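Engineer: Structure in structure tokens, see below.
The values are calculated or read from the model by the stated rules, or taken from the named source; none is laboratory data. Just so it is clear, the structure is predicted and the values come from calculations on it, not from any experiment. Cβ placement follows ideal geometry from the backbone for every residue including glycine, while neighbour counts extend to all protein chains displayed.
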Amino acid sequence: MKKNSTSVLWLLAALLFLSAACDRKHQSPTTEAGERRWWDAALVPGYRSIDSLRHTGYIRQQYDSLRHLAPETPFSRSIPFEISANYHLFFTHNWAAGFAALDSALAGFSEKEQRHYPKTYLGYLLFAGDMAYRLGHYTQANELYFRAKRQSDRYLPLCDRSAYTYAIAMVLYRQQAFEQSAGFFREAFTEQATCGRVSGAIALQQQEILSNTGLCYLRLQRPDSALAYFDQALRYAEAHRDSLSPLSMQRIRGVIAGHRAAAWLQLRNYAAAEPLLRYSLALIAPAAADPGFGQGVRLNLASLYRITHRYTAMAAELDTARRALDTIPDAVNEQKWNDLRAALAAHSDDALSEQAYYSRAEALRDSLNAVQRVLASVNVSRQIRDKERDMHVTMLEKSRRFDRIVFGLLAAVIVLGGLLLWFILRGYRRNQQNLEKVKALNIRIRRQQKELDAEAARRQKLVMEAVIQAQEAERTAIGLELHDNVNQILTTVKLHNEMAIDGIGDRELILRRAAQYLQQSINEIRSLSKRLSAPTLGKISLHDSVAELAESINLTGRLRVRFEGMEPLPVRQDAHLALYRIIQEALNNTVKHAGAQEAFIHIEGTNDGGLRLVYTDNGAGFDPARARAGIGMTNMTTRAESLGGTCSLQSRPGAGCRIEVRLPNALVPQPDTATL
């Protein structure tokens, strides 16, 4: 009779949901959320049948009857595998079968379909990772979590990424990486807080995240921090109790009471812990909370009785816990139970029982420690970071590709070279004219000066000195700009052209850089009169500009330049330009005169906010006394002294050259970023 009534109920339920499905057929759900809602609503009786019948026969029949009513998609095809995985997770504990079902579900999604069903695919990856962990396949589990991270970062908004972050936090908790786990829990809470409206599911998980964060601190022996998070979790749940069922609220209150009691036990406040433990046990049993958690609470109560020497009550709690462990085994609670039993036997002077319980506890402890050592060796956070680093390196290697040389570039270089020479000649002629005018003006001033009386002569002399200084400054500025800027750039262009002609290096890269330097020279000459002291380095940092200069010299093959620079720090523009020009001059002199094979550049910041440059080469060396009169050394010294700095030169024939420059107050002051 019971069998016939059950068949009738199945038939009625099938007819009702077939009717509902026919009504939904015209809705044609095309979005991921729409498909999920459609199938979840249609399969509600089937999911309930698993709970009552302990098999998947009915829900599979229902699924087969609904397939033709909805479009066939990767999501709809994956539903049987999802049903099978959940069945094995909750009822058979056949992790291998559950993992195989999830692997089949994942295989049904192409890359394009992974973008269309990002949350579903992410859920299957996390589910499969959990199954792999249960099977002890930790490397495979970490690979699945890495794929889940990429799926989350690529296709999901911040709110939906919390599922991945929460899963990683749980894995790290199992691996006893509690500090890392707490960080991921906090990140998951922040991500899920961006979801907007707080539904019942979100409220339930947010309070669980806060509670789990507290558990991490509890395991780190920081009970005060743990209590703060437990209290925050309870306040959060109470604030959103309207969206949670009464049974859920009862379960939450019972679980958090048990956690808070564990924290008070660590603080050795047994008076505060005992009522919380009793309150937790009174709530979690009717609320059908996790049996393993209930066992742990009862064992904590038994441990409290041992500490307070109430051994009769301790024995009663251990007997109750034993019955629960015989029904639902738990290795951690089993080990703790044997430890407490050994303590109880010791109190009763039963040495034989004490030794037996203690031996079982030690065997369980060794087994758990062995598993934990394996878990710690495959830290999921570390392996994901390693995989991300390897992927980044691969992407960088693929980016090192260049196009072939464009033959039209040679004609452009010739044209630009001719224009450059024309501008140089015109500038040289104008400079000569200016020099002649200055000389004539000096002669005229000197003649007039002789005709003045003593007082007038003295005053005229002062005026003349001021004029001479201004003229010399103008000539110096013009000479420095032509020598340090245009001449250096053209020298670099010449070296690049020679290298291209000799077939040294990548001709396309060399000619492209030569064209860039030629264009830079044209721009400099066109605006020479307006920006004699303006930098041509753009907005790049000192570190990057010197590194680029060193690379350009290395590409010529005539000199190997090694550069050790400070980290990119904000440098004043005038100090940036001065150091860059000094290094240009030093490299130019080494290439032209030293016959060196190697040069070394080192830049570092000083404690007073200044910069220190050390330049050395292994060339032929020279007499410093003779070199100081040259325009190159004069320019370097002048640039350093103009900023209140110094430039020193050390060399002797056959011993190379060493130049040291110090510039005070060269770094841009940074605001104080210290936090309260």
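Engineer: Out of segment 75-113, which residues are among the aliphatic types (A, V, I, L, M), under 32 Å from the mean Cα position of the chain (by Cα) and under 14 Å from Met131 (Cα atoms)?
Structural biologist: So the first thing to find is which residues in segment 75-113 are among the aliphatic types (A, V, I, L, M), and the list is 79, 83, 85, 89, 96-97, 100-102, 105-107.
Right, trim to under 32 Å from the mean Cα position of the chain (by Cα) and you get 102, 105-107.
The answer is Leu102, Ala105, Leu106.
Engineer: Another one. Looking at (1) over 17 Å from Leu277 (Cα atoms); (2) modelled with pLDDT of 90 or more; (3) loosely packed, with under 14 Cβ neighbours inside 10 Å, which one does Thr327 not meet, given that it meets all the others?
Structural biologist: Failing condition for Thr327: (2).
Engineer: For segment 160-203, which residues satisfy the criterion of being more than 23 Å from Ser248 (Cα to Cα), in a loop (DSSP other than H, G, I, E, B) and free of Cβ contacts under 8 Å to residues at least 40 places away in the same chain?
Structural biologist: Arg161
Engineer: A further question follows. Considering every residue within segment 67-75, establish whether at least one is hydrophobic (A, V, I, L, M, F, W, C) and closer than 24 Å to Gly183 by Cα.
Structural biologist: Restricting attention to segment 67-75, the residues satisfying the condition of being hydrophobic (A, V, I, L, M, F, W, C) are 69-70, 75.
Then keep just the ones that are closer than 24 Å to Gly183 by Cα; that gives none.
Checked against the condition, which is being hydrophobic (A, V, I, L, M, F, W, C) and closer than 24 Å to Gly183 by Cα, segment 67-75 yields no hits at all.
Engineer: How about segment 575-602: which of its residues are more than 35 Å from the chain's Cα centre (by Cα) and either farther than 25 Å from Glu498 by Cα or small (Gly, Ala, Ser) (or both)? Show your work before the answer.
Structural biologist: To start, the set of residues in segment 575-602 that are more than 35 Å from the chain's Cα centre (by Cα) comprises 578, 581-599.
Of everything in segment 575-602, those that are more than 35 Å from the chain's Cα centre (by Cα) and either farther than 25 Å from Glu498 by Cα or small (Gly, Ala, Ser) (or both) turn out to be Ala578, Ala586, Ala594, Gly595, Ala596, Ala599.
Engineer: Run down Asp339, Asp366 and say which single residue is out of contact with any Cys (no Cβ under 9 Å at 6 or more places or on another chain), crowded, with 17+ Cβ neighbours inside 10 Å and in a helix (DSSP H, G or I). Please lay out each step first, then the result.
Structural biologist: Values: Asp366 fails: crowded, with 17+ Cβ neighbours inside 10 Å.
The match here is Asp339.
Engineer: Further question: Given the structure, is Phe293 in contact with a His (Cβ under 7 Å, 6 or more places away or on another chain) and of a type outside the set (A, V, I, L, M)? Quick ask: steps written out before the conclusion?
Structural biologist: Values: in contact with a His (Cβ under 7 Å, 6 or more places away or on another chain): no; of a type outside the set (A, V, I, L, M): yes.
No, not satisfied.
Engineer: Within the set of pairs 6 or more residues apart or between chains, which connect a residue that is over 15 Å from Leu318 (Cα atoms) inside segment 330-354 to a residue that is in a helix (DSSP H, G or I) and of a type in the set (Val, Ile, Thr) with Cβ atoms less than 9 Å apart?
Structural biologist: What qualifies is Ala331/Val371.
Engineer: Using the structure shown, decide if Phe91 is more than 19 Å from Tyr155 (Cβ to Cβ), aromatic (Phe, Trp, Tyr) and in the same structural domain as Thr73 (by the TED database). If you could, list the steps in order and put the result at the bottom.
Structural biologist: Numbers: more than 19 Å from Tyr155 (Cβ to Cβ): yes; aromatic (Phe, Trp, Tyr): yes; in the same structural domain as Thr73 (by the TED database): yes.
Taking the combined requirement at face value, the residue satisfies it.
Engineer: What about Arg430, is it surrounded by 11 or more Cβ atoms within 10 Å (Cβ to Cβ), free of Cβ contacts under 8 Å to residues at least 24 places away in the same chain and part of a helix (DSSP H, G or I)?
Structural biologist: yes
Engineer: Can you tell me which residue among His88, His55 is farther than 25 Å from Ala33 by Cβ and assigned to a loop (DSSP other than H, G, I, E, B)? Step through it out loud before you land on a result.
Structural biologist: Working: His88 fails: assigned to a loop (DSSP other than H, G, I, E, B).
Of His88, His55, the one residue that is farther than 25 Å from Ala33 by Cβ and assigned to a loop (DSSP other than H, G, I, E, B) is His55.
Engineer: Related question: Name the one entry in Leu555, Leu518, Leu511 that is surrounded by 15 or more Cβ atoms within 10 Å (Cβ to Cβ) and modelled with pLDDT under 80.
Structural biologist: That would be Leu555, the only listed residue that is surrounded by 15 or more Cβ atoms within 10 Å (Cβ to Cβ) and modelled with pLDDT under 80.
One line per residue, one yes/no per condition, for (1) in a helix (DSSP H, G or I); (2) more than 37 Å from the chain's Cα centre (by Cα); (3) among the acidic types (Asp, Glu); (4) outside the structural domain of Val198 (by the TED database):
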site: Ile256; (1), (2), (3), (4): yes, no, no, no
site: Arg260; (1), (2), (3), (4): yes, no, no, no
site: Ala272; (1), (2), (3), (4): yes, yes, no, no
site: Pro275; (1), (2), (3), (4): yes, yes, no, no
site: Arg278; (1), (2), (3), (4): yes, yes, no, no
site: Gln295; (1), (2), (3), (4): yes, yes, no, yes
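Engineer: For segment 605-659, which residues satisfy the criterion of being among the basic types (Lys, Arg) and closer than 28 Å to Pro570 by Cα? Spell out the reasoning first.
Structural biologist: Step one: filter segment 605-659 for residues among the basic types (Lys, Arg), giving 612, 626, 628, 639, 652, 658.
Those that are among the basic types (Lys, Arg) and closer than 28 Å to Pro570 by Cα: Arg612, Arg639, Arg658.
So that you can scan it fast, the table gives a plain yes or no per residue for (1) more than 20 Å from Cys216 (Cα to Cα); (2) basic (Lys, Arg); (3) touching a Gly at 6+ places or on another chain (Cβ under 9 Å):
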| residue | (1), (2), (3) |
| --- | --- |
| Arg241 | yes, yes, no |
| Met249 | yes, no, no |
| Ala263 | no, no, yes |
| Leu267 | no, no, no |
| Tyr270 | yes, no, no |
| Glu274 | yes, no, no |
| Gly294 | no, no, yes |
| Arg298 | yes, yes, no |
| Ala302 | yes, no, no |
